[in-house]
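Inspection log for the structure reproduced underneath, given as structure tokens.
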Amino acid sequence: MRIAEYKQTGTRTEEYTVTIPAEYDDEGNMTVEEHEEVRTREVPVMGLVYRDMTEEEIAEIEQMQSEVPEPEATAEDRIEAQVMYTALMTDTLLESEE
């Protein structure tokens, strides 16, 4: 069996702009004006990766499937089955009379 996982498949470099606020000294005089800096960062690239399931994963899925209870027939299902059975028996009786 194969499984799909969402994983990091690579990285890419991205540029972004940062606004640096002005700096002032103790007397309130501007020492550095407000300016912008261009910075770079590595950004992960994500994607689906398909791989074979391990024996443990397969065993875990099979165990979960075995623990799921069998669906019980509803009253409507039982009535429908009885109607079909009655129709079949009626046809059988009518055929035997001919």
Proximal charge balance of V49 [Cβ under 11 Å; K/R count +1, D/E count -1]: +2
What value, in deg cm²/dmol to 500, does the helix sum -39500 (n - 2.57) over DSSP H runs of n ≥ 4 give at 222 nm once divided by the residues of the chain? -12500 deg cm²/dmol
Extent along principal axes [Cα atoms of the chain; Å; largest to smallest]: 115, 35, 25
Calculated from backbone phi, Karplus (6.51, -1.76, 1.60) coupling profile of segment 25-32 in Hz, x at Gly/Pro: 8, 5, 8, x, 7, 6, 9, 9
Expressed as an acute angle from 0 to 90° and rounded to the nearest 10, what is the orientation of the C-alpha long axis of helix 55-67 relative to the principal long axis of the chain? 50 degrees
Using Cα-Cα distances under 8 Å and only pairs 6 or more residues apart, what relative contact order does segment 2-69 have, in percent? 41 percent
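Using 0.36 nm times the number of residues separating Q63 and A22, minus their current alpha carbon distance, what extension gain do you get?
Working: separation 41, 0.36 × 41 = 14.76 nm, distance 6.37 nm.
The span from Q63 to A22 would gain 8.4 nm if fully extended.
Taken together, the values in this text are just the output of simple stated rules run on the coordinates, not laboratory data. On a predicted model such as this, the values are computed, not experimentally measured, just so you know. Backbone-built Cβ (ideal geometry, glycine too); neighbour counts: all protein chains shown.
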